[in-house]
Amino acid sequence: MKIKKTPPRKLSPPSRPVRELIEKLQNAKEDELADILDAIKEWPFPRGDLYHWIGVLNRFDTILETTCNEHITRTTKDKRLVLGVLRFSRFLLENCTNRNQYSSYEHLDTLLRTSDWDILEADLRLLLRPAQRMSNQRALRTNFTISTDQIMALAHGWGSQNHDINLRSIALDDSDLPDITSTMSFQFYRTADEVTKDPRTASTNATSSQEPESSSVRPTSNGQSEGMILVPLNDIANSSESEPRLVHRLIDEYQVSTRAQFELIQKIRVALAWRHPQKRRQLLVIRLLAIAIMAHVVSESQAQSSVFMYEPDLISQIADVIHPESKVPLDVQTAALYALDGLARHRSKTSEILTSLNASANHGTLLYLLRKVATSIQEDNDEYPQDFLDALFAFIAYIIQTQTGGQMVMAAGIIPTLLSMIEAPSNKHVRDVTRVVSMLDSLVYGFSNSFSAFCNARGLDILVKRLEVETEYCEKFAAEQATAMDTSEEHTVAPAAQQPVVPHERISLLKAMHKFILHMMQASGTADGLRNLIDTTLPATLRRVISNAQVFGPSVYALAVNTMATFIHNEPTSLPILQEAGLSQAFLKSVKADIPAHVDVASAIPNAFGAICLNSQGLEAFNEEKPIGDFFRIFTSKEHVRSLNEGDAAPLLGAAIDELIRHHPSLKGDVYDAVINMLKSLNEMGKIENRRPDDIDCALAREGDKETDSKVDRMSPSNDEQDPTTASRNSDRKLKSNDFKDSTFVQHIEVCGRFLEGLLQNSSHAKEFLKQGGVSLILDLYQSPLLPYDFASTLPFNALGHLLRTLAEVNSVLVVHEIIHRLSNEFKRKNRLLEEETQASVVMDIITTEDDEAKYAVANESFRHLITLWSYIYLWDATCNMPIFSHGKAGLPVLQEVLAPSSDDILGKIGHLQRVAFFESALLQKLVPKEWKTAASQSSTTSTDQSVQSDIVTSPADQSMSRQANVKSVSQWKNFQYYKHLLFHINKGISPLFANILRMAITRRSVDSNLRRQGYRVAEVIGALMKDHLTWRRPKLLGDSAPYYAYLALSVGCITTTMLDDRSAAGLVTTLA
């Protein structure tokens, strides 16, 4: 079936070549599609993401579905197209992440019954990739839904073991094999239930030309037989009928039950192929691939009872197939390697496989084969196809991950053989050399005694030399390409800033070698062997990489920086040598020039800063360059922020900067200057003149506005959808989606907040930050006109909230004072919503305002003011809810601040805002069209307040007020959604703030008279607010109407939430009297 999941919001866009191929595959006609797919012999791109290919895979799914439907009655119309689809789908599963999204398995399962063996082989090669992932415990969440019964039937033996015929003989064309088809038969047991349920009424005896033999056959009431049925196949090989006709004839003739039909098909395949060497060899490849899939997807006990019980020497036969002297074709050997790789996952078979391959001996099958491959790579020829090399290296890579297998191949001398492949300057096998480096990395990192063998075989010299050669090649290639681009008249667009211009195979090899060196440096017991590494060409190679970050890409650059820092931390005396080589200077210049946008780069730079500053010369050079300010530019760069917004990258980076200034206190001033400048730049980004296209939902919608139209297009099922009610449902569903794209400014806020949270965990750093006015800069962000209407309900708001709570633990008085001061200043601004005294709904008037520029500006200013008020109130509530205020005198400064004249009756103004929110919510519940309320309720959480309102009876006063509702456009519905969200959260959120303040004011154990006095004053103020909720004049103007009673219900609910403690031992906190 097709993939229906939408891509995540943080998905990086594909490169231009990938995007062009995707468009070509999606838009090409089916006649052209086969040629396009046939031209792609191997994967030409770096590792990608399967989400980018959803459109292509959905088209492939349609092609496979059509093919499967046609296979029921006739052969494939376009075999090349199907083979191309299966082959390219295998490329995607091999070279993309998020492979669990692939969902065409039901069609692949159907193709197992095809009569075309080429399609069957391609189908099994594709199925092998997801099957291999099932052996990985980290990838258990898979939708692999292939019938294991069919896979087991393909993996079953052919009966050749009864004639003493092994797999090697079957694979050879010149083998003199006995004719097993002369005695071939198929038997199955037909139960009484199957006889009864069979729709065919003709008896077996009446439809067959030869009466089926049975040792226990009983006729049934309709003439059919129950028991063991024997279907002779001894004349199948001489038949002129095609496979489909044979299958259908025998099924009809012998009334073969559904569960036994696929086994019959496989028997017929064997009979037809036995006398034809090429067909027989292809069918053997199919069987070996099925064994490989079986090993990955079924349990060991099931494999033992179904296959190995009848062929106990199967593993040794497969091992004989891959021996270089067996002269078996390489396609069969490739399938045999896949089978051994899968069977090695079965613990009971691992030792048998290693023994069959004689893995512990230098002259054994495994090492002999590896040496033959090494010779081919050294000679840079194409003797072995890439599939064979991939299968061999994957098998060896798994073997060395096991303790037994790793020790055996170590004893056999695998390290010199692997090093010989690295030493050879091969251009055709760069991908294979990368695999070899990764295997050496696993060996040296996983086995303590392997490092000495690696050094004795000149491993370090070979590795450093190959690293130097590859680095020079990449520099030369990039220079030639740059020259060609400069001289070309057609060149008009520069390459992407972060995209390496060298082939990705070379970049992958460089990454593998840098990782290998870094792992050796970080491992224990390797210091003596690496002591002379500083005297090699490695420092010069690192300088080349760091000086040309745009050529080598962010991953290689980050590894080079980490290697340099590890060099210095492991051996601080090497720092002067690296400084003489110009490595540290090149690094500082690269940071000031342009930092690649990658999370690994950002994580590596602080560690390198600390390493460079370990001696006076390095610290002096560091202070001259002053790279910290340049490094902090990543927090105001869109590309960098996107990379830092993944996982815990931002807080870990903050912790790294914290460690830097703890080890180098002299850098503290530069770091805090950079932090303050970062926050100032972020506030500058938040100004309205810097608004970007993705800064959406931060202003009231207007009809005809490009932003509103684009949002309607995204939310509607089709572009010509004009029904506001339908658009509203789609809009609300999109607003609740986790995949909705955050604005750039909001992403910057989240990353900076999480970074500062990691940096300021140390109390001394937090005090310094408070001293430099950091809280004021953070609170300025809440006043930005680019914040969306639901900012207080987002993760970026939580990030800033956690940061302020961290600061409040150091100085709660300062943080709370700043919040109250900002909130008090906001209430001094004029807002029609808070000043209206009539019974009319201000929100409804704003929603239905004509498209007048002056009125829109006033309405939008009121809207933005409400967002800022709610953000500060929610932030204050989160701060008051901290454990630090739950006991003793900790809450006294807050109470004093609340009651101080400078706060300008802040509690009374918040209470008035809550009353207005109650009133407007009650009116909106009545005034908006019923269809809109229905659409909104389907996607919003049902609250107690809403349920109270829904039960109110309609009165004549209600009918007169309903004439205010004149909502017709999608922009009006959007504005209704904005205010509905704000009013709902204000209704729900202010009461907990009052309750938290009361908990600070009234404590059972406090004997401080000042605290009691202030507590009683606060209780009196809040009690008066609750009374004002019930006696407010404005709701009474509504008369005997549903909105009036809805307002009273909301007010009573507020009193309950504020005055009563909802914990298990609920009791009255304070009283109104």
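The values are calculated or read from the model by the stated rules, or taken from the named source; none is laboratory data. A quick note: this is a predicted structure, and the numbers were derived from the prediction, not measured. Neighbour counts are summed over all protein chains in view; Cβ atoms, including those assigned to glycine, are modelled from backbone coordinates with ideal geometry.
So here's what we get for this one:
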read-out: Out of Leu823, Leu800, sole residue that is closer than 22 Å to Asn677 by Cβ and either in a loop (DSSP other than H, G, I, E, B) or of a type outside the set (Val, Ile, Thr) (or both); value: Leu800
read-out: Single match in Val775, Val751, Val815 (criterion: surrounded by 20 or more Cβ atoms within 10 Å (Cβ to Cβ), under 15 Å from Gly654 (Cα atoms) and in contact (Cβ under 8 Å) with a residue 12 or more places away in the chain); value: Val751
read-out: Qualifying residue in the range 775-795 (condition: closer than 20 Å to Asp697 by Cβ, in contact with an Asp or Glu (Cβ under 7 Å, 6 or more places away or on another chain) and of a type in the set (S, T, N, Q)); value: no
read-out: Qualifying residue in the range 499-520 (condition: in contact with a Pro (Cβ under 6 Å, 6 or more places away or on another chain) and assigned to a helix (DSSP H, G or I)); value: yes
read-out: The range 573-618: number of residues that are without any contact (Cβ under 8 Å) to a residue 12 or more places away in the chain and in a loop (DSSP other than H, G, I, E, B); value: 0
read-out: Candidates Ala602, Ala611, Ala597, Ala560, filtered to the one that is in contact with a His (Cβ under 8 Å, 6 or more places away or on another chain), buried (at least 17 other Cβ atoms within 10 Å of the Cβ), under 24 Å from Ile462 (Cβ atoms) and assigned by TED's automatic domain parsing to the domain that holds Glu505; value: Ala560
read-out: Complete set of residues in the range 1007-1029 that are touching a helix residue (DSSP H, G or I) at 6+ places or on another chain (Cβ under 9 Å), surrounded by fewer than 15 Cβ atoms within 10 Å (Cβ to Cβ) and not charged (D, E, K, R); value: Asn1010, Tyr1016, Ala1024
read-out: Wholly enclosed helices (runs of 4 or more DSSP H) of the range 667-773 bearing at least 2 residues at pLDDT below 65, of a type outside the set (D, E, K, R) and under 26 Å from the mean Cα position of the chain (by Cα); value: 724-735
read-out: Test for Arg190: is it touching a Lys or Arg at 6+ places or on another chain (Cβ under 7 Å) and surrounded by 16 or more Cβ atoms within 10 Å (Cβ to Cβ); value: no
read-out: Selected residue [among the polar types (S, T, N, Q), surrounded by 18 or more Cβ atoms within 10 Å (Cβ to Cβ) and modelled with pLDDT under 90] from Thr483, Thr526, Thr487; value: Thr526
read-out: Any hit, the range 924-939, residues being over 20 Å from Ser991 (Cβ atoms), modelled with pLDDT of 70 or more, part of a loop (DSSP other than H, G, I, E, B) and not hydrophobic (A, V, I, L, M, F, W, C); value: yes
read-out: Unmet requirement for Ile36, which otherwise passes all of (1) modelled with pLDDT under 90; (2) farther than 24 Å from Ile507 by Cβ; (3) among the hydrophobic types (A, V, I, L, M, F, W, C); (4) surrounded by fewer than 19 Cβ atoms within 10 Å (Cβ to Cβ); value: (1)
read-out: Flag for Lys638 being surrounded by fewer than 21 Cβ atoms within 10 Å (Cβ to Cβ), within 18 Å of Glu750 (Cβ to Cβ), assigned by TED's automatic domain parsing to the domain that holds Phe567 and out of contact with any Leu (no Cβ under 8 Å at 6 or more places or on another chain); value: yes
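For (1) at pLDDT 80 or above; (2) buried (at least 17 other Cβ atoms within 10 Å of the Cβ); (3) closer than 28 Å to Ala701 by Cα, each residue gets a yes or a no:
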residue	(1), (2), (3)
Gln964	no, no, yes
Ser969	no, yes, yes
Gln977	yes, yes, yes
Asn987	yes, yes, yes
Thr1003	no, yes, no
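Residues are listed down the side, and each one gets a yes or a no for (1) over 22 Å from Gln386 (Cα atoms); (2) out of contact with any Cys (no Cβ under 9 Å at 6 or more places or on another chain); (3) modelled with pLDDT under 95:
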residue: Glu325; (1), (2), (3): no, yes, yes
residue: Leu330; (1), (2), (3): no, yes, yes
residue: Tyr338; (1), (2), (3): no, yes, no
residue: Lys349; (1), (2), (3): yes, yes, yes
residue: Asn358; (1), (2), (3): yes, yes, yes
residue: Gly364; (1), (2), (3): yes, yes, yes
